[in-house]
Amino acid sequence: MMRSFPPTLSWLFCLSVLFYLSILQYSLCQTFNGTNNLQLNLTVPAIFALGDSLIDTGNNNNLPLTLIKSNLPPYGMNFEGHKATGRFTDGRLTIDFFAEALGIKKYVHAYLDPKLDEEDLLTGVSFGSAGTGFDPRTSRILLVRSMSEQLKMLRRYRRKVRSIVGRPRADFIISKSIFIVAAGSSDLANTYFALPYRRNKYVPNAYTSFLMRHATRFLQKLYRFGARKIGLINIPPLGLTPIARTLGGGRSRKPAENYNTAANKLNTKLNLEVQYLNSRLHNPAFVYIDIYSIMLDIVLNKTQYGFDIEDRGCCGSGLVEVGPLCNAFSEMTDVKKCVFWDSYHPTEAVYNITATQIIKKYFHLFF
């Protein structure tokens, strides 16, 4: 029979445990003040984004030569204050919904936002540049910031944060935060299918292998930088975008299957590469996030999600308008009915759905 403690000793033991836990909690809060929680008390101090228009929250706004911008109405019509921030949609992006779900903040600001304050800096920013890709030529063609330039901005970010909170805290933020990488769509849609630059040199299988190698090098550099929670969002079904239907779907504007085939080829290679990279690590650092399947289901089963129109955007004719072609003079279809905002990018409502599904399916893998 187990021997019981005297009542006095039991109370002393309980009080000691409670005191120790209180001290531990206070110490953690003092050391890592400003961290945020997702579900089981998992600390996430910040969220960062690198890539293309899926996560660009306004970094292209001040680029002097590129046309890949969305800081003009009607973009942002459902954003707070009806402001065109540079996000390629009517409101918030997936990365914003990620940040809100993590309890960090409602909006992930662009790193190059001139109004960026210290709190926004410490809780994460987007380095994304709409139109960029893993292929170095893509950013040169569209006159946007390359993935390499985004890594340089990330290094500058770290120097700034170290000057604010010191090296230990800055390195903690980097190692414990979530990094979302989203690129490759512009490589396929623009550099390969819309223009002859790469298509004359590579068949789709070879080009997707080329992109995979560049993506791998980028992920490895991010890991060496100190990131330990890296989510790679795969390529969506590009052939279902309104502009792909217009350019590659024939007179009836059917889905452009060659776009989807190439996206699937690249996705398969990226998935295998993420598995390989993780196999070489004691603690897996990479999470492969399948947005292709989510977007495919939304388009194919639009009415189940509350939408009526999936083959054109709600801005203008919806067939080709994107960026400056979607402007204040464009006629608008009811955005609540549309899967796509312009001819290439989904609506805020769709980004919200994709974010919710990604969080449920993948975010536990970061911990």
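The values are calculated or read from the model by the stated rules, or taken from the named source; none is laboratory data. All values reported here derive from a predicted model rather than from experimental measurement. Please note: Cβ atoms are built from the backbone with ideal geometry, for glycine as well, and neighbour counts cover all protein chains shown.
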**OP:** Give the number of residues within region 173-203 that are part of a helix (DSSP H, G or I) and either of a type outside the set (S, T, Y) or over 22 Å from T246 (Cα atoms) (or both).
**Re:** 10
Original post:
What are the pairs, 6+ residues apart or on separate chains, where a residue within region 207-233 that is free of Cβ contacts under 8 Å to residues at least 24 places away in the same chain has its Cβ under 9 Å from a residue that is in a helix (DSSP H, G or I) and surrounded by fewer than 22 Cβ atoms within 10 Å (Cβ to Cβ)?
Top reply: R213/E273
**OP:** Among the residues of region 134-149, write down those that are touching a residue at least 40 places away in the same chain (Cβ under 8 Å), surrounded by 16 or more Cβ atoms within 10 Å (Cβ to Cβ) and either among the aromatic types (F, W, Y) or assigned to a loop (DSSP other than H, G, I, E, B) (or both).
**Re:** F134, D135, V144, R145
Subject >> Breaking point among (1) in a helix (DSSP H, G or I); (2) within 20 Å of L151 (Cα to Cα), for E273 >> reply: (2)
Original post:
With A99, A49, A84 as the choices, which residue is within 30 Å of G131 (Cα to Cα), under 20 Å from the mean Cα position of the chain (by Cα), in a helix (DSSP H, G or I) and modelled with pLDDT of 50 or more?
Top reply: A99
Subject >> Residue list for region 344-367, restricted to those being touching a Leu at 6+ places or on another chain (Cβ under 6 Å) and either surrounded by 24 or more Cβ atoms within 10 Å (Cβ to Cβ) or closer than 14 Å to N78 by Cα (or both) >> reply: Y351
Original post:
Exactly one of (1) at pLDDT below 50; (2) in contact with a Lys or Arg (Cβ under 7 Å, 6 or more places away or on another chain) is unmet by L24. Its number?
Top reply: (2)
**OP:** Taking the options K152, K176, name whichever one is in contact (Cβ under 8 Å) with a residue 40 or more places away in the chain, of a type in the set (K, R) and closer than 20 Å to I230 by Cα.
**Re:** K176
**OP:** With the checklist (1) assigned to a loop (DSSP other than H, G, I, E, B); (2) at negative phi; (3) not aromatic (F, W, Y) in hand, flag the one item M153 doesn't pass.
**Re:** (1)
Subject >> Unmet criterion (only one of (1) modelled with pLDDT of 95 or more; (2) touching a Lys or Arg at 6+ places or on another chain (Cβ under 7 Å); (3) crowded, with 16+ Cβ neighbours inside 10 Å) for Y197 >> reply: (1)
Original post:
Counting just the residues of region 306-322 that are surrounded by 20 or more Cβ atoms within 10 Å (Cβ to Cβ) and part of a loop (DSSP other than H, G, I, E, B), which one comes out farthest from the chain's Cα centre (by Cα)?
Top reply: G316
Original post:
Of the residues in region 108-130, how many are within 24 Å of T347 (Cβ to Cβ) and touching a Lys or Arg at 6+ places or on another chain (Cβ under 7 Å)?
Top reply: 1
Original post:
Here are some conditions: (1) in a helix (DSSP H, G or I); (2) surrounded by 15 or more Cβ atoms within 10 Å (Cβ to Cβ); (3) of a type in the set (S, T, Y). T303 meets all but one. Which one does it not meet?
Top reply: (2)
Original post:
Among the candidates F366, F329, F307, which residue alone is in contact with a helix residue (DSSP H, G or I) (Cβ under 8 Å, 6 or more places away or on another chain) and of a type in the set (F, W, Y)?
Top reply: F307
